[in-house]
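Data first, discussion second: the structure below is written as structure tokens.
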């Protein structure tokens, strides 16, 4: 029986879905830790990015953060954080995932505010808005498409990275793949493949859904131009 | 009872220890060598496949969209899932790790090379054509040199992310320095081992990035002259 047939058989066994530690459990873990990580990342990166963009400083810092996190292996952060004050378990995993969510969120928030037409900003100033009001009422609404693009990149990346939480026994869909590897390729090939399909499917689904959401929050006149910009920002930030 | 057993001062679990590095230099060096060799092979293979692919995407316009879109979709696939797709066919070992990291590096290189080639100004292309350059002459003498900054950026990003990605190879037992990180975690959370391997990973990425940046500067002296 080929690995693909084995995978189909494995996925068709209802017990593999409903058992404790089955697909439904793992999916729940995967989604809850991803959601927590993205939320934490947004909480840190958005205010910082918006403020840096507003004040026009810290472009170098944004670049530095994304470059450094690119070089740090996920596995290293996942194994190091539980040994710090965070302790073993969920919080350490969530923080590790959040660290990798920060660069796209930060860079897009920064770019989103920076790309606002300086004349618009001047006009708002001229109307008597204070710095904080300019940020809240002018720059923030205009940056929303960029924030959405950053949110999409970060979320997809966190969902992908959360699969690695299994290495520190953090749960998630990666557990299915790793326990398959534990069985040896001959016996666990189907399970490995099925786990891979689940993880990849979840990431692609998130990508498609969030791309739709991104389109929804982007005002119609900005759409075509925005797509090009997103691609450019995406290339500059994630790259690898 | 426990007092009598603890006849030696608690050795502790420091974040870094030269003692560990000295005592295990063989293991560390072989892991580092494995990691470096995997990275070098991956980037070279990815460049050899990716650059011609980028030229095809540049020449045959209708193919550019699908090639870039396909690389985008493939990039969304999580690394562990890619290991899961390939391992049942390629088995446990270096071949699987190499294939996964080559695929990811390929995406980055193709995207950046296509972007670099597309940045060649149309006037330059027309001027080259007017001077009698053929398709290949124009590619090697005009377009590729002008696209070099984009290509080098792609190579740098691909190298840095490959160094980080190789560690995930622990799932098939060939993660280079990742092997040390994971073993350190499993063996009573030996911090010194985890930290040493992590630092070496980051340093390796940094060093490779600097080397490639230097090569890029040497290859494009006109860009440096313009900047400074």
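The values are calculated or read from the model by the stated rules, or taken from the named source; none is laboratory data. In this text, all values refer to a predicted model and were calculated from it rather than measured experimentally. Because the Cβ atoms are built from the backbone with ideal geometry, glycine has one as well, and the counts that use them run over all protein chains shown.
Some values worked out for this structure:
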{"quantity": "Residues being more than 10 Å from chain A (Cβ to nearest Cβ) and more than 23 Å from residue B:94 (Cα to Cα) - total across region B:188-206", "calculated": "2"}
{"quantity": "Number of the condition not met by residue B:92 [criteria: (1) within 11 Å of chain A (Cβ to nearest Cβ); (2) part of a helix (DSSP H, G or I); (3) over 11 Å from the mean Cα position of the chain (by Cα)]", "calculated": "(2)"}
{"quantity": "Elements of type helices (runs of 4 or more DSSP H) contained in region B:120-187, each with 1 or more residues being within 14 Å of chain A (Cβ to nearest Cβ) and over 30 Å from residue B:91 (Cα atoms)", "calculated": "B:144-166"}
{"quantity": "Flag if residue B:166 is more than 16 Å from the chain's Cα centre (by Cα), under 20 Å from residue A:73 (Cβ atoms), surrounded by 24 or more Cβ atoms within 10 Å (Cβ to Cβ) and in contact (Cβ under 8 Å) with a residue 60 or more places away in the chain", "calculated": "no"}
{"quantity": "Index of the failed condition, residue B:117 passing every other in (1) modelled with pLDDT of 90 or more; (2) surrounded by fewer than 21 Cβ atoms within 10 Å (Cβ to Cβ)", "calculated": "(2)"}
{"quantity": "Some residue of region A:74-92 being surrounded by 23 or more Cβ atoms within 10 Å (Cβ to Cβ), touching a residue at least 40 places away in the same chain (Cβ under 8 Å) and more than 28 Å from residue B:207 (Cβ to Cβ)", "calculated": "yes"}
{"quantity": "Any hit, region A:172-195, residues being facing chain B (nearest Cβ under 9 Å) and under 26 Å from residue A:61 (Cα atoms)", "calculated": "no"}
{"quantity": "Meets criteria (modelled with pLDDT of 90 or more and within 14 Å of chain A (Cβ to nearest Cβ)) for residue B:100", "calculated": "yes"}
{"quantity": "Per-region count, region A:77-97, residues within 12 Å of chain B (Cβ to nearest Cβ) and over 18 Å from the mean Cα position of the chain (by Cα)", "calculated": "8"}
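Residue-wise test of (1) surrounded by fewer than 18 Cβ atoms within 10 Å (Cβ to Cβ); (2) more than 24 Å from the chain's Cα centre (by Cα).
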position	(1), (2)
A:7	no, yes
A:10	no, yes
A:18	yes, yes
A:27	yes, no
A:33	no, no
A:43	yes, no
A:47	yes, no
A:52	no, no
A:59	yes, no
